[in-house]
Amino acid sequence: MAARPAEPPGRSQSVRSSEETGNDRGAKGRRKVEGGKSMTSETQTQPAGVAAAPSPKQAGETPAPWWWVERSVWTDRMRTRRTQREPTTKGFSRWDKLWAPSNLLHGYYAVWRNAGAPGVAGQTGAPFEAQHAQELERLREELRQGQYEPPPARRVWIPKLGSTELRPLGIPAGRDRTVQAALRQVLEPIFERDFAPSSHGFRPGRGGAGAVARGEELLGADHAWCVAADRKSYFDTIPHERLMALVQQRVEDGHSLRLVRQYLKAGVLEGCQGWQPTEQGTPQGAVISPLLANLYLNPLDHAVARRGWAMVR
């Protein structure tokens, strides 16, 4: 068994999939998926030599802005420019930042910490982990030369909370989750500034606890009506072209746009049924999916706010 390597120096951001997201990014707890290990925040340890990220939730403290941003991608100067720009300004090219060695390495460790389930063909992350330096360099060259092609995700079905129904997960292979984590570290700061305050799921420093607290605050403010709503099969039914149009409003880099579209169209592999195309939706289980799902709902969040309704999502 190969020994796990020490993490790189400097701060790294934990990027989790839609099923692995803890309270710092989403409203759902982490689950085991077909034998994949599940680690809670209490059991995780910070490797030696790695500076811990500033906590956004310490009592009496105000979190530093952009505490969650990957420093190897977004420098202080870049973050300042992002803050000063108009909300409609498109982001300039970040493609070279995506395949930069430091970004891919931090993306890899973010995926490694999650110890998720295997991808296609039941492959675990052990082979990738054992030769991670060589594998990351190969990924870097594939991205730099435009040769990277993500394979289909592995389709599994898990019980739906509070129901007898099953819901599908699409689990990419470890190397593809690494690229998705690196891509998320590039794209998330571009969109995060635009997200509505009512949005709590899968966002830095937010989660279920904050959503519940906001709901209690609204109830205490004498709101007369409370309506609970759920979007059935939301992740699986997002229209690709409408989603891509929202991405293109803020991202003009053609390489990044192509990579997002590749993930949407990669399809899934399910048992003996073979490859199945994905004409809509962004698979739960993919690292990039929570960000894209929030982006597609963002116009709804702002539209509800303009109507004067207090929504907690």
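The values are calculated or read from the model by the stated rules, or taken from the named source; none is laboratory data. In this text the structure is predicted, and so the values were computed from the model without any measurement. All Cβ positions, even for glycine, are placed from backbone atoms using ideal geometry, and neighbour counts span all protein chains on display. All accessible areas refer to the heavy atoms of the entire protein, side chains included, with ligands and DNA or RNA removed. Shrake-Rupley method; radii C 1.70, N 1.55, O 1.52, S 1.80 Å.
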* Could you grab me the full set of residues in the stretch 257-284 that are touching a Ser or Thr at 6+ places or on another chain (Cβ under 8 Å) and either open to solvent by less than 10 Å² (accessible area, probe 1.4 Å) or not in a helix (DSSP H, G or I) (or both)? => Leu264, Ala266, Gly267, Val268, Gln280, Gly281, Thr282, Pro283, Gln284
* Asked: Which residues, counting only those in the stretch 197-243, are hydrophobic (A, V, I, L, M, F, W, C) and loosely packed, with under 15 Cβ neighbours inside 10 Å?
  -> Ala209, Val212, Ala213, Leu218, Leu219, Ala221, Ala224, Trp225, Cys226, Val227, Ala228, Ala229
* Restricting to the stretch 246-290, what's the tally of residues that are of a type in the set (D, E, K, R), without any contact (Cβ under 8 Å) to a residue 60 or more places away in the chain and closer than 26 Å to Gln145 by Cα? -> 3
* Asked: Has the stretch 112-132 got at least one residue that is open to solvent by 20 Å² or more (accessible area, probe 1.4 Å), at pLDDT 75 or above and under 28 Å from Phe191 (Cα atoms)?
  -> yes
* Structure fact -> Looking across the stretch 137-170 at residues that are touching a Lys or Arg at 6+ places or on another chain (Cβ under 9 Å) and in a helix (DSSP H, G or I), the single one that is most open to solvent (accessible area, probe 1.4 Å) is Arg138
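Would you check if Ala173 is in contact with a strand residue (DSSP E or B) (Cβ under 7 Å, 6 or more places away or on another chain), modelled with pLDDT under 95 and surrounded by 14 or more Cβ atoms within 10 Å (Cβ to Cβ)?
Against the criterion (in contact with a strand residue (DSSP E or B) (Cβ under 7 Å, 6 or more places away or on another chain), modelled with pLDDT under 95 and surrounded by 14 or more Cβ atoms within 10 Å (Cβ to Cβ)), Ala173 does not qualify.
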* Asked: Out of all the residues in the stretch 287-301, is one or more small (Gly, Ala, Ser) and part of a loop (DSSP other than H, G, I, E, B)?
  -> no
* Collect the residues in the stretch 249-280 that are under 20 Å from the mean Cα position of the chain (by Cα) and among the aliphatic types (A, V, I, L, M), keeping them in residue-number order. => Val251, Leu257, Leu259, Val260, Leu264, Ala266, Val268
* Asked: Inside the stretch 215-244, can you point out the residues that are under 27 Å from Ala310 (Cα atoms), modelled with pLDDT of 95 or more and out of contact with any strand residue (DSSP E or B) (no Cβ under 8 Å at 6 or more places or on another chain)?
  -> Arg242, Leu243
* Asked: Can we say Ile158 is at pLDDT below 90 and under 19 Å from the mean Cα position of the chain (by Cα)?
  -> no
* Asked: Using beta carbons and a limit of 9 Å, which pairs, at least six apart or on different chains, have the first residue in the stretch 213-226 and closer than 19 Å to Gly201 by Cα and in a helix (DSSP H, G or I) and the second one open to solvent by less than 90 Å² (accessible area, probe 1.4 Å) and of a type in the set (S, T, N, Q)?
  -> Arg214/Ser198
